[in-house]
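Report on the following structure.
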Amino acid sequence: MGGYFFSQAGYAIEISPPRFTHVNQDKAPTTVNWQILWDAIDIINKKYVDGPPDQQELLYGAVSGMVNALNDPYSSFFTPPKAQQFQEDLRGEFSGIGAEIGLRSDVLTVIAPLDGSPAQKSGLRAQDAILEINGESTEGIALDDAVNKIRGPKGSTVTLTVLSPNASETREVSIVRDNIVVKSVSSEIKNVEGKKIGVIKLRRFGEDTKGELDAAVTDLLQQNISGVILDLRNNPGGFITSAIDVSSNWVKENKVVVTEEFGDGFKNDHVANGASRLAGIPTVVLVNEGSASASEIVAGALRDYDLATLVGKKTFGKGSVQELVDLPDGADLKITIAKWLTPNGFNINVEGISPDIEVELTLEDIDNFVDPQLDRALEIVLE
């Protein structure tokens, strides 16, 4: 994570015991000569000029190399320090600049700055391409390496060279790192034309999301709201269980919210649980390019069941599920285990979800503190 809310743009994570399946077994070699690995280690230990090397680092390097060979930007090996950082970020507590990044067409890209974060205050915007970090090119950089270069202690500064969409020249953005604590859910009442509209903002799908959302929904219902706006803009995702909990406020119990499709063809349906307290209340879901993974699960389910109108811009397009597996000595492996499908069977990966009503939010709008996407959503729930 190192300075970012999450190390990758969008994620849906399961934490559970390891699950093993045969993937593309017919295409894989029937035998592998693992002796190559042991011989390489032996040669390094005997002949490396500055040896003997740190054996722990050799092990970490070998595991990292295997994970990188998957060519999957969402699978990662975390050394014990990185594993601890990742767990802290899942809880919404970290030190950094407060932005999500990802690799789009192999270019390091800002997915979304967090509200009120040093990144947002410094002018960093969604879809900005990060070309340099402290003067070093990011061409060909691995996502974890980029995160490590950008992170740092509170009060220190990192300088990013960025290129905004449709811009012809790069600009330098200097950002002072700070401690970031992200509350999962916030809500407010908008009084429009004599009606009360509840606006729920979800910043992430974490362990605390269900409790915070339950409290927010209870408060809104007690105020006799006439409509709901669920704001998932710039929400990179989180726990798949939280996505199910959020969707269950609209989707009726035992109806499918999302289907996991594993490499061996097995499918696992995740169904809604609990009372659908917001079902029947006019709802708009706000999405944009920074809405990813678990956000897309919720948006896809509500739209497939005609429970909400989607407003904004096409979502990020991240339709895979990662499992976080504990390894010895405090290390972790985050591995892609499945793809997921909306209730109607739509695979969101890469393509993303197009909104029912597309509304642009320009840099000028942001600078002038206006929000045409939210304004359009309010119009729809009042119709």
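We did not get these values from a lab; they are worked out from the coordinates using the rules stated. Keep in mind that this is a model prediction, so the values were computed, not measured. With ideal geometry, Cβ positions are generated from the backbone for all residues, glycine too; neighbour counts draw on all protein chains shown.
Among Glu132, Glu88, a tally of other beta-carbon atoms within 10 Å of each Cβ gives an order, fewest to most, of Glu88, Glu132.
Scan segment 125-186 for trypsin sites (Lys or Arg not before Pro) in coil per DSSP, keeping those whose Cβ has at most 16 other Cβ atoms within 10 Å, and list them by number.
Counting only loop positions with at most 16 other Cβ atoms within 10 Å, the trypsin sites (Lys or Arg not before Pro) in segment 125-186 are Lys154, Lys183.
How much FRET efficiency would the formula 1/(1 + (r/R0)^6) give for Asp39 and Leu70, where r is the Cβ-Cβ distance and R0 is 30 Å, rounded to 0.05? Step by step, r from the Cβ atoms, then E = 0.80. The GluC sites (Glu not before Pro) found in segment 293-351 that occupy coil by DSSP, while having at most 15 further C-beta atoms within 10 Å, are Glu351. Amide hydrogen proximity for Ser291: with H placed 1.01 Å from N in the peptide plane, the residues at 5 or more positions away or on another chain lying under 5 Å are Asn234, Asn235, Phe316. Mind checking which lysines have their C-alpha under 26 Å from Lys154, skipping anything on the same chain fewer than 8 residues away? Filter leaves Lys82, Lys121, Lys183.
In this structure the amide hydrogen of Ile180, modeled in the peptide plane, comes within under 5 Å of the amide hydrogens of Phe94, Ser95, Gly96, none closer than 5 places in sequence on its chain. Among Val107, Val359, Val49, Val258, sorting on how many other beta-carbon atoms sit within 10 Å of each Cβ, with the fewest leading, yields Val49, Val107, Val359, Val258.
Sequentially through segment 351-366, phi angles give Karplus couplings (6.51, -1.76, 1.60; θ = phi - 60°) of 5, x, 10, 7, x, 5, 10, 8, 9, 7, 10, 8, 4, 5, 4, 4 Hz, Gly and Pro residues having no value and appearing as x. Whole-Hz Karplus values for segment 243-257 come out as 4, 5, 4, 5, 4, 5, 6, 10, 6, 5, 4, 6, 7, 5, 9 Hz, taken residue by residue from phi with 6.51 cos²θ - 1.76 cosθ + 1.60 and θ = phi - 60°; glycine and proline positions read x. Distance between the 7 Å Cα→Cβ label points at Asp329 and Asn349: 3.2 nm.
Got a sec? Which residues in segment 276-307 would a label at Ile189 touch, if it sits 7 Å along Cα→Cβ and we count backbone N under 18 Å? The answer is 278, 281-282. Relative to the longest principal axis of the Cα atoms of the chain, the long axis of helix 35-47 makes an angle of roughly 60 degrees.
Got a sec? How would Phe239, Phe346, Phe266, Phe316 order by Cβ neighbour count within 10 Å, fewest to most?
The fewest-first ordering by Cβ neighbours comes to Phe266, Phe346, Phe239, Phe316.
Using alpha carbons only, the radius of gyration of the chain set against its Kirkwood radius gives Rg/Rh = 1.00. Here the spin labels are modelled as points 7 Å beyond Cα on the Cα-Cβ line, and at Gln55 and Asp115 they lie 5.2 nm apart.
Residues whose amide H lies under 5 Å from that of Val284, counting only those 5 or more places away or on a different chain, are Val228, Ile229, Leu230, Thr309; hydrogens are built 1.01 Å from N in the peptide plane.
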